[in-house]
Amino acid sequence: MTDHGCNNETSSGVTRRTVLGVSAGVTAASLVPLRLDAQEQVPVPGPENGPTTHISFQVNGERVTIDVDGRASLLDLLRERLALTGTKKGCDHGQCGACTVHLDGRPVSSCLTMAAKVDGRQVTTIEGLARGDELHPMQQAFIDNDALQCGYCTPGQIMSAVACVTQGQATDPGAIREFMSGNICRCGAYVGILAAIAQAAETMEG
Amino acid sequence: MRGLNYTFAETADAAVTQFAEAGGSARYIAGGTNIYDLMKLGIERPAHLIDVSRIEGLDAIETDGDVLRFGGRALMADVARAPVVRDEYPVLAESLLKAASQQLRNMATVGGNLLQRTRCMYFRNGAGSSTTVGVYLCNKREPGSGCAALGGLDRTQAVLGTSEACTAVAPGDWPVALAAMDATIEVFGPEGTRNIPIADFYLLPGDTPHREFNINPGELVTAITVRKTPAGRTSTYHKIRDRESYAFALASAAVAVEMDGDAVRTARIALGGVATTPWRASAAERVVVGSSLTPELALEAGHAAFTEARPGQHNAFKVELGARVIADALIIAAQRRV
Ligand SMILES: Cc1cc2nc3c(=O)[nH]c(=O)nc-3n(C[C@H](O)[C@H](O)[C@H](O)COP(=O)(O)OP(=O)(O)OC[C@H]3O[C@@H](n4cnc5c(N)ncnc54)[C@H](O)[C@@H]3O)c2cc1C
Ligand code: FES
Ligand code: FES
């Protein structure tokens, strides 16, 4: 399966050097999209305290090489070690979809994906969708259709929504609802989410 | 969660060898959607995880020849969309597509699905880990400790196959479809390969509810096979949940029939959501075989499946619901004849 429009290399302002800096355990701040100016909130990764596994993988087109605790989830690796906090933790048990990312182009729940598993693979997070300042058509469609209230579920919704369209499942409202049923919205923004996906299905080539 | 070694096995031989070398504290991990969840809940406590999700060839889906053969680490999503499964075995495809979510089906394997553990809330919530509520007795989790579900909040508990020690429901949908289709589970271990009919794969709780599967430590599920049958086309997996999608079954039925006009020539019926194991409903099958299928007869078959049901305080509704799920599934399956 191709993952149209999700793997551009330049969106987050990450350079190979800053990523390598993270892998050396120095700082994770510079991985945050500069536009968000969120450096202050970024946790500085502490040393891992269990047996570690050495992994090398790609996040949003950038290579990351890092030692991870054998127990860690991909979600915690992204948020706590790589400062990619766009991906959210709702339940941590596979039940809500807030943590959805693409692994080799397919949506997965990053909270139940052990970090060690992503060695040699490609991860795309919400930070990897936009091209520079140009939002992904699905992000724009969520804004156009008021498809959120608090916004906490939104990154996960958008990652699933992109796959819904690229996998040809956005054919009718019933099919969209079924495909999106793994993403729960506590605010109940489902009407807008459905409309956004229907709109983006028209504007995304794919 | 305690510290953990994580290794990948490249071959089935290597997996079995690594397991033996790790000496008792090892577990296999495929998608991880169940075992990792249970580790977070403090229920599974392995010191060593052996990842079987990269074993060469173990993801093969073979549909030529007389049997369907699904490699143990084939993804639920991939098996569901294999053309022969999708077009000729709707009971199998639907049991996968009505399970979990698209994200989880991209992670979970058809082998791991067979070995997933119950969603009984006393089993899941009772270990007293930092992310759960309270500490509850559970004979599955702590053999001999007791069962908090008996006389407790038992709305989702089983009504068939229960014992004084345990009423936990077998959670999987795919194993129910496989039970209807008389699948065989192929396992590989230090002693070589064994083929286990699915009817012998799941153990009733009795007074040892912690023993759930007929598989030895270190044995690897290498494949699931289903003998091809024309009944596959005339089949369905009918699943009723508390919400429309993304929930475990309250009651479900896997049904495959062969019809002669309106008469039922053969019937295979299995139940999910209501029993402690994937539950073959032979009594229901006997009601319909040889007769013409009417809505009344279909419901009579449904009721026949529950004559031995033993409901608790809050789950008696599952008896009538389960009977009607069988009845509806029979009608849906029969309408699929060409
Ligand atoms: C929120 C949520 C909703 C869900 N809803 C449903 C649902 O509606 N219906 C349903 O059927 N399921 C549902 N599931 C369960 C899901 O389908 C299972 O967790 C999944 O199929 C397990 O497969 P896995 O590859 O992830 O197994 P793992 O978690 O990796 O392993 C499960 C067990 O099997 C063992 N194992 C794995 N592979 C092998 C092998 N090849 N040989 C020997 N042992 C092995 C492991 O040691 C472990 O004990 C849901 C799960 C979640 C989290
Ligand atoms: S945080 Fe992963 S599914 Fe809820
Ligand atoms: S917008 Fe608040 S949870 Fe979905």
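Given contacts defined as C-alpha pairs under 8 Å and at least six residues apart, what's the relative contact order of the stretch A:137-205, whole-number percent?
Relative CO of the stretch A:137-205 lands at 52 percent.
Take every residue in peptide A:115-121, count the Cβ atoms of other chains within 10 Å of its Cβ, and give the average of those counts.
Average per residue, whole number: 4.
Where in the stretch B:16-59 is the amide nitrogen less than 13 Å from a point lying 7 Å along the Cα-to-Cβ axis of B:Ser129?
B:33-47
Could you name the lysines whose alpha carbon sits less than 23 Å from that of B:Lys40, not counting residues in the same chain fewer than 8 places away?
Counting by Cα, and skipping residues close in sequence, B:Lys40 has these lysines nearby: A:Lys88, A:Lys89, A:Lys117, B:Lys140.
Run the quick spin-label model on A:Asn49 and B:Glu62: label points 7 Å from Cα toward the beta carbon, then report their separation in nm to one decimal.
Each label point is offset 7 Å from its Cα along the Cβ direction, giving 4.9 nm.
Top to bottom by accessible area (1.4 Å), largest first, where do B:Tyr202, B:Tyr136 land?
The ordering from most to least exposed comes out as B:Tyr136, B:Tyr202.
With a 1.4 Å probe and every protein chain kept in, tell me what percent of the accessible surface of chain B is carbon plus sulfur.
50 percent
Which value, in square angstrom to the nearest 100, describes the accessible area buried between chains A and B on both sides, using a 1.4 angstrom probe?
Separately minus together, A and B give about 2700 Å² buried.
Hey, with R₀ at 35 Å, roughly what FRET efficiency would B:Asn216 and B:Arg265 work out to, going by the Cβ-Cβ distance, to 0.05?
The calculated FRET efficiency here is 0.35.
With both partners inside the protein assembly as shown, how many of the DSSP beta bridges are antiparallel, as a percent to the nearest 5?
Numbers: 55 of 67 bridges.
Expressed as a percentage, antiparallel bridges in the protein assembly as shown total about 80.
Output wanted: per-residue J couplings in Hz (rounded whole) for the stretch B:176-192, from phi through Karplus 6.51 cos²θ - 1.76 cosθ + 1.60, θ = phi - 60°, x for Gly and Pro.
5, 4, 5, 5, 5, 8, 6, 5, 10, 9, 9, 10, 10, x, x, 8, x
Excluding residues fewer than 8 places away in the same chain, name every one of the lysines whose C-alpha is closer than 22 Å to that of B:Lys318.
Here the lysines satisfying the reach criterion relative to B:Lys318 are B:Lys98, B:Lys239.
Looking at the stretch B:231-334 only, what percent of DSSP beta bridges run antiparallel? Nearest 5 please. Could the numbers behind the result be given before it?
Numbers: 18 of 19 bridges.
The antiparallel proportion sits near 95 percent.
Given a cut-off of under 8 Å on Cα pairs at least six residues apart, what relative contact order in percent is computed for the stretch B:231-334?
Here the relative contact order equals 29 percent.
What full-extension length gain, to one decimal in nm, is calculated for B:Ser245 and B:Asp207 as 0.36 nm per residue of separation minus the Cα-Cα distance?
Extra length available between B:Ser245 and B:Asp207 comes to 10.3 nm.
Under 5 Å between amide H atoms, partner at least 5 residues away or on a different chain: which partners does B:Ala251 have, H built in plane at 1.01 Å?
Those lying under 5 Å, H to H, from B:Ala251 are B:Ile240.
For chain B, what's the relative contact order in percent, using C-alpha pairs closer than 8 Å and at least 6 residues apart?
16 percent
Go ahead and set up a Gaussian network model of chain B, Cα springs under 10 Å, then flag whichever of B:Gly322, B:Gly151, B:Gly272 fluctuates most.
B:Gly151
What is the packing order of peptides A:144-155, A:165-176, A:65-76, taking the mean over residues of other C-beta atoms within 10 Å and listing the highest first?
Final packing ranking: A:65-76, A:144-155, A:165-176.
Classify chain B as rounded, prolate or oblate from the Cα gyration tensor: take a ≥ b ≥ c as the square roots of its eigenvalues, call it rounded if a/c is under 1.5, otherwise prolate when a/b beats b/c and oblate if not.
Oblate, since a/c reaches 1.5 and b/c is not below a/b.
Once the whole set of protein chains is in place, how much accessible area is left on B:Ser282, using a 1.4 Å probe, in Å² to the nearest 10?
Roughly 50 Å² of B:Ser282 is accessible to a 1.4 Å probe.
Compute a Gaussian network model of chain B, connecting alpha carbons closer than 10 Å, and tell me which residue from B:Gly218, B:Gly112, B:Gly144 fluctuates the most.
B:Gly144
Provide the FRET efficiency to the nearest 0.05 for the A:Glu202-B:Arg155 pair, computing r from the beta carbons and using R0 = 41 Å.
Calculated value: 0.40.
So which residue, out of B:Thr294, B:Thr162, B:Thr222, gets the largest mean-square fluctuation from a GNM of chain B using Cα contacts under 10 Å as springs?
Fluctuation is largest for B:Thr294.
Please work out the average accessible area per residue across the protein assembly as shown, using the 1.4 Å probe convention, and give it in Å².
41 Å²
Other chains' Cβ within 10 Å of A:163-171 residues: what's the mean?
Partner Cβ neighbours, averaged per residue: 1.
Summarise the accessible area of the stretch A:127-186 (1.4 Å probe, protein heavy atoms) by the percent that is carbon and sulfur.
48 percent
Take the alpha carbon atoms of the stretch B:21-70, find their center, do the same for the stretch A:70-119, and report the distance between the two centers in whole angstrom.
Each part reduced to its Cα centre gives a spacing of 19 Å.
Between B:Glu21 and B:Ala283, what is the label-to-label distance in nm when each label sits 7 Å out along the Cα-to-Cβ direction?
For B:Glu21 paired with B:Ala283, the spin-label model returns 5.2 nm.
Can you give me the Kirkwood hydrodynamic radius for the stretch A:137-205, using every pair of distinct Cα atoms, in Å to one decimal?
Hydrodynamic radius (Kirkwood, Cα pairs) of the stretch A:137-205 is 11.4 Å.
Peptide B:103-113: average number of partner chain Cβ atoms within 10 Å per residue?
5
Computed from the mean reciprocal separation of all distinct C-alpha pairs, what Kirkwood hydrodynamic radius does the stretch A:52-128 have, in Å?
Over the stretch A:52-128, the inverse of the mean reciprocal pair distance is 12.0 Å.
The values are calculated or read from the model by the stated rules, or taken from the named source; none is laboratory data. The shown structure was predicted, so the numbers you read here are calculated from the model rather than taken from an experiment. Here the Cβ is made from the backbone with ideal geometry for all residues, glycine too, and neighbour counts use every protein chain on show. When the accessible area is computed, the model is the full protein with side chains, heavy atoms only, and any ligands, DNA or RNA have been set aside. Shrake-Rupley method; radii C 1.70, N 1.55, O 1.52, S 1.80 Å.
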